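The values are calculated or read from the model by the stated rules, or taken from the named source; none is laboratory data. Here the structure is a predicted model, which means the values were calculated and not measured. When we count neighbours, we look across all protein chains shown, and the Cβ atoms used for this are built from the backbone with ideal geometry, even at glycine. For accessibility, only protein heavy atoms count, side chains too; no ligands or nucleic acids. Shrake-Rupley method; radii C 1.70, N 1.55, O 1.52, S 1.80 Å.
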Amino acid sequence: MKNKNLIILRLVIITMILVSWLLSSACRSKEHFLQDPAYRQLVHKQFLNRAELARGRWQELFSVLRGLGTEEKEALEFLYAFMPLSDLANLDGKYFLEQVRTALEARKHFSWGRDIPENIFRHFVLPYRVNNENPDRARQVFFEELKERIKDLDMYRAALEVNHWCHEKVTYRPTDERTSAPLATVRTAFGRCGEESTFTVAALRAVSIPARQVYTPRWAHTDDNHAWVEVWVNGRWYYLGACEPEPELNMGWFSGPARRAMMVHTTVFGRYQGPEEILAGTDLYTRINQLPIYAPTARLTVEVRDKAGEPVPGATVEFCIYNYAEFYPAASKSTDDRGQASITTGLGDLLVVAYKENLTAWQKVTPGNVENLVLTLSEPDLTEREVDLDIIPPVARSTEPGDPLRAEENNRRLRLEDIIRATYESSFINKDIAAIFAREKGLPEDLTWKYLEASRGNWREILDYLYALKPEEFKPGLSLLGAVTAKDLRDTPAEILLHHLREAPARNEDMDEETYINYVVSPRIGRELLTSWRKILRESLKESEISDFRENPDKIAGWIKVNIRLDDSNYYNVPLFPHRALQLGRADLYSLKVLFVALARTLGIPARIDRATGRPCYLKQGRWQEVLFGDEGPLPPAAAKSSLILDWEPVPGLSKPAYYSHFTLARFGRGKYRTLDYENEPALDSFPGRLTVDPGHYLLISGNRQPDGSVLCRLKFFEVPPDKETVVRFSLRTRLQEPEILGRLNPEARVYDLKRQTGLNLSTLTEGRNYILILIEPDREPTKHLMEELQSLADQFSAWPGLLAVVVARDTLPAGFDPATYPGLPDSARVLYDPEDQLKRAIHKALDKEASGLPQVLACRPGGQIIFYSEGYRIGTGEQLVRTLSWLR
């Protein structure tokens with residue numbers, strides 16, 4: 001009986017333990033951030049792989065995992081599992097844990113948080129990174145600032161309100177390729193579209209509204225690209241223009257251009273399992289195709305075969321769009337076991353390029369007309385020849401106009417938000433205060449104001465830097481500010497600039513001052529965020545190594561290859577900080593090049609990354625010596641370099657071509673032609689222009705963009721032999737034909753002269769002259785692009801006897817607008833206003849069409865005969881107007 005009772009007691013205890021375990025398991029399952037066990041296992045496995053990879057920074061990254069609850073731990077593991085290499089190197093665990101906790105807090109705070117599906121939250125709310133910015137604490141700052149403002153709104157209205165808040169903070173202005181962090185963009189109060197959309201996505205995610213940046217890598221109808229935002233609201237995705245609020249979602253000036261797009265995509269953090277077409281899927285990220293949301297599409301399948309007709313698996317297939325005078329791969333895929341690669345794309349021309357090893361094939365194709373394309377790989381045809389291609393983009397399509405009353409109310413609000421932003425900008429240091437500081441410090445007033453003005457919201461840091469300078473540091477200290485970029489002035493702390501000024505080695509007597517400042521003292525190498533790396537790098541080297549490296553800088557590259565493992569998992573291409581790459585023991589190819597230059601400069605060796613070739617170089621005996629990383633192949637000896645002379649044959653309306661506008665140069669290697677970056681190359685400021693290049697096979701692409709967006713393209717293939725001079729002449733294809741009359745503008749349409757403050761009709765304004773009319777909305781990105789173009793071409797318009805009239809469209813006049821806003825326009829230009837829509841209606845009637853967007857550009861003969869018309873977002877319109885002047889004499 002005793003044994004029986006003991007057995008029963010044991011059974012009861014075991015049962016109680018099992019029940020307790022089951023109950024606790026049930027409770028724990030509710031705490032899981034990742035509810036699907038299979039996906040949870042996938043994430044954990046991937047986390048362990050990344051943790052092993054980052055063991056060089058174990059303490060900094062992973063010590064925060066100790067003692068966390070299930071939900072936080074799994075959310076943190078999700079971030080670690082899929083983050084790019086740069087974040088494992090540049091950031092730390094405390095930062096990531098703070099991101100997790102604020103994201104979970106926001107989900108609980110807002111009513112819509114509980115309705116967001118797990119897969120949407122983990123991929124489009126939790127990630128701290130949007131694209132290729134350097135992440136900051138924007139989530140915490142934005143959450144605190146926005147939570148009261150939107151607390152009583154539903155999710156749809158909250159998304160619209162966040163964008164209005166973003167417009168209060170930031171407006172559009174072009175900047176360089178390095179993407180500012182959201183808080184830096186706010187301090188600056190402007191950014192390019194990639195920075196505006198990064199900032200807006202960060203703001204939406206901060207309040208638990210799922211968002212993603214979407215991107216057309218290249219337009220087909222104009223030479224540019226664009227980024228905007230998609231936001232998930234109540235079960236579906238909408239789009240909006242970042243920092244460009246509209247009355248409703250799914251509205252934006254780019255709606256029309258997007259209907260002509262060939263590709264719209266985004267890169268999703270992690271292994272995403274959504275319904276969209278996958279363009280590229282890896283262990284770390286998923287790139288998806290969102291084009292069907294915006295434009296008519298077609299499916300194109302490319303089959304790659306060898307000469308025997310057999311399928312070629314593993315070949316690279318690039319789907320290329322003509323843009324910036326090159327064929328840019330909007331998408332790249334590998335062929336499957338059947339030798340096939342498929343894509344959903346727009347209804348315009350593509351150049352499809354396939355290659356594997358040193359075999360290649362290419363062909364122009366029009367999706368929609370062709371569903372299947374067969375390419376046969378062969379040895380590349382490297383003969384000297386010219387090939388002419390007519391590239392046709394998708395046709396323009398109209399969009400539905402919005403409610404004019406809602407638009408008018410929205411525009412009034414935008415003007416108020418402009419005032420809010422301008423009020424913030426008025427808090428920046430002014431010229432008078434800068435002059436007082438400069439006099440008291442003993443610094444030159446002009447340079448002091450130049451750098452303080454350029455620093456915008458970062459002016460206090462630049463002021464602190466200047467204040468800290470000792471008298472003997474004045475000259476090099478100011479020179480350093482001139483050696484970094486304008487964006488560096490806007491987001492670099494004083495302590496980092498002082499670090500590089502004071503930790504740089506002394507100048508050798510045989511080194512000129514300019515070389516010393518630009519290539520030794522300056523911390524600006526490529527597109528990396530500036531950090532303090534000199535002291536750490538120097539302390540990582542032995543004295544014997546320092547001596548060897550100074551004697552032979554090539555040994556720096558060898559040392560890097562031994563100590564740093566090449567890693568291709570840095571998928572957002574954000575450079576690793578030089579000292580963090582050393583700590584992690586891994587880096588991508590570009591970051592290795594940055595590290596080489598940083599180490600060389602730390603040791604007083606002038607070094608840089610060559611813009612054209614992308615190779616790191618160091619200066620020795622007056623010549624730049626290239627260093628090889630990666631799989632570029634053997635470098636030719638310096639003595640074997642060749643001279644390439646490019647000679648330009650002018651065409652009517654274009655005296656000098658511009659790189660990336662009218663032509664580019666590419667060199668053949670590893671199965672394809674790869675574009676060289678000669679933008680802003682002094683040798684091409686005039687023609688003939690002489691370049692020093694590697695011998696090899698080259699392709700010069702030239703293109704003449706037409707008013708309808710089509711391109712007259714020419715491919716010129718040629719060889720540059722070693723140690724010889726090669727002359728290549730090129731021009732643009734043209735179509736010389738009398739322009740047709742598109743319509744006749746009513747001469748009685750009235751406009752308002754903002755400077756003279758009087759109304760007048762077109763006949764009085766034009767006085768029987770040829771004229772150009774440009775109807776604009778000043779605060780929108782397309783207008784800003786066009787007005788910059790026109791001002792850059794002012795000299796060519798100044799010599800023209802006709803009238804250039806810029807007219808602000810109704811309800812788009814910014815608060816405090818000054819007709820002198822465009823100082824680069826010719827003196828004879830007039831700035832006017834269309835307060836009653838008379839001009840807009842006259843244009844509509846003359847052309848018998850409703851415009852799909854502003855700006856609208858017309859070139860007219862006396863009496864209102866329209867011979868040129870352009871509307872909406874088109875880079876290069878100014879140049880096309882210049883060419884039209886020959887018909888307006």
Would you pick out the residues in segment 346-392 that are without any contact (Cβ under 8 Å) to a residue 24 or more places away in the chain and under 25 Å from LEU291 (Cα atoms)?
-> TRP362, GLN363, ASN369
Answer with yes or no whether ARG729 is within 32 Å of the chain's Cα centre (by Cα) and of a type in the set (Lys, Arg).
-> no
Segment 248-271, residues that are more than 26 Å from THR188 (Cα to Cα) and either without any contact (Cβ under 8 Å) to a residue 24 or more places away in the chain or part of a loop (DSSP other than H, G, I, E, B) (or both) = GLU248, LEU249, ASN250, ARG259, ARG260, ALA261, MET262, MET263, VAL264, GLY270, ARG271
Can you work out which of the residues in segment 570-583 that are part of a helix (DSSP H, G or I) and open to solvent by 10 Å² or more (accessible area, probe 1.4 Å) is farthest from VAL597 (Cα to Cα)?
-> GLN583
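Would you mind listing the helices (runs of 4 or more DSSP H) fully within segment 1-64 where at least 1 residues are charged (D, E, K, R), at pLDDT 50 or above and open to solvent by 90 Å² or more (accessible area, probe 1.4 Å)?
Once the helices (runs of 4 or more DSSP H) in segment 1-64 are filtered for at least 1 residues that are charged (D, E, K, R), at pLDDT 50 or above and open to solvent by 90 Å² or more (accessible area, probe 1.4 Å), what remains is 2-31, 37-53.
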Which members of segment 278-302 meet the condition of being without any contact (Cβ under 8 Å) to a residue 24 or more places away in the chain and either more than 20 Å from ALA220 (Cα to Cα) or among the hydroxyl-bearing types (Ser, Thr, Tyr) (or both)?
-> ILE278, GLY281, THR286, ARG287
Matching residues in segment 526-560 - criterion: being over 30 Å from the mean Cα position of the chain (by Cα), under 24 Å from GLU626 (Cβ atoms) and open to solvent by 60 Å² or more (accessible area, probe 1.4 Å) = SER547, ASP548, ARG550, GLU551, ASP554, LYS555
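Condition check ((1) touching a strand residue (DSSP E or B) at 6+ places or on another chain (Cβ under 7 Å); (2) not basic (Lys, Arg)) across all residues:
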| position | (1), (2) |
| --- | --- |
| GLY604 | no, yes |
| GLY614 | no, yes |
| CYS617 | yes, yes |
| LYS620 | no, no |
| ASP647 | yes, yes |
| ASP685 | no, yes |
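So which residues in segment 640-677 are aromatic (Phe, Trp, Tyr), under 30 Å from the mean Cα position of the chain (by Cα) and open to solvent by less than 50 Å² (accessible area, probe 1.4 Å)?
Applying the first criterion (aromatic (Phe, Trp, Tyr)) to segment 640-677 yields 648, 659-660, 663, 668, 673.
Restricting the remaining residues to those that are under 30 Å from the mean Cα position of the chain (by Cα) gives 659-660, 663, 668, 673.
Result: TYR659, TYR660, PHE663, PHE668.
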Counted residues, segment 293-322 - those being surrounded by 14 or more Cβ atoms within 10 Å (Cβ to Cβ), of a type outside the set (A, V, I, L, M, F, W, C) and outside any loop (DSSP other than H, G, I, E, B) | 7
Only unsatisfied item for ASP827, checking (1) closer than 28 Å to GLU168 by Cβ; (2) open to solvent by 50 Å² or more (accessible area, probe 1.4 Å), is (1)
Determine whether segment 203-211 contains at least one residue that is of a type outside the set (Lys, Arg), on the phi < 0 side of the Ramachandran plot and open to solvent by 10 Å² or more (accessible area, probe 1.4 Å).
-> no
Residue that is nearest to SER111 (Cα to Cα), among those in segment 212-237 that are among the polar types (S, T, N, Q) and open to solvent by 20 Å² or more (accessible area, probe 1.4 Å) = ASN234
Scan segment 715-749 residue by residue and report those that are open to solvent by 60 Å² or more (accessible area, probe 1.4 Å) and of a type in the set (D, E, K, R).
-> GLU719, ASP723, LYS724, GLU725, ARG729, ARG735, GLU738, GLU740, ARG744, GLU748
Restricting attention to segment 585-611, and to residues there that are out of contact with any helix residue (DSSP H, G or I) (no Cβ under 7 Å at 6 or more places or on another chain) and of a type outside the set (D, E, K, R), which single residue is nearest to GLU514 (Cα to Cα)?
-> VAL597
Can you give me the ranges of the helices (runs of 4 or more DSSP H) entirely in segment 438-551 with at least 1 residues that are more than 23 Å from SER180 (Cα to Cα) and among the polar types (S, T, N, Q)?
-> 445-455, 474-483, 513-516, 543-551
Residue pairs meeting the criteria (Cβ under 6 Å; at least 6 apart or on separate chains; first on the phi > 0 side of the Ramachandran plot, in segment 319-333; second in a strand (DSSP E or B)) = ALA325/PHE663; ALA325/THR664; ALA325/ILE701; ALA325/GLY703
Which of (1) more than 21 Å from TRP887 (Cα to Cα); (2) touching a Ser or Thr at 6+ places or on another chain (Cβ under 6 Å) does PRO747 not meet, given it meets every other one?
-> (1)
Pair list, Cβ under 9 Å, 6 or more apart: segment 160-177 residue surrounded by fewer than 19 Cβ atoms within 10 Å (Cβ to Cβ), other residue outside any helix (DSSP H, G or I) and among the hydroxyl-bearing types (Ser, Thr, Tyr) | ASP176/THR485
Hey, can you tell me all the residues within segment 766-816 that are in a helix (DSSP H, G or I), surrounded by fewer than 20 Cβ atoms within 10 Å (Cβ to Cβ) and either touching a Leu at 6+ places or on another chain (Cβ under 7 Å) or among the hydroxyl-bearing types (Ser, Thr, Tyr) (or both)?
-> GLN791, SER792, ALA794, SER798
Kindly list, by first and then second residue, each pair from a residue in segment 600-622 that is among the hydroxyl-bearing types (Ser, Thr, Tyr) to a residue that is open to solvent by 30 Å² or more (accessible area, probe 1.4 Å), limited to pairs with Cβ atoms under 7 Å and residues at least 6 apart or on different chains.
-> THR602/ARG538; TYR618/GLN625
Assuming ILE609 fulfils every condition listed in (1) among the hydrophobic types (A, V, I, L, M, F, W, C); (2) open to solvent by less than 10 Å² (accessible area, probe 1.4 Å); (3) within 26 Å of TYR698 (Cβ to Cβ); (4) under 23 Å from the mean Cα position of the chain (by Cα) apart from one, which condition is it?
-> (2)
Exclusive hit being in a loop (DSSP other than H, G, I, E, B), out of contact with any strand residue (DSSP E or B) (no Cβ under 8 Å at 6 or more places or on another chain), touching a residue at least 12 places away in the same chain (Cβ under 8 Å) and on the phi < 0 side of the Ramachandran plot, set PRO835, PRO823 | PRO823
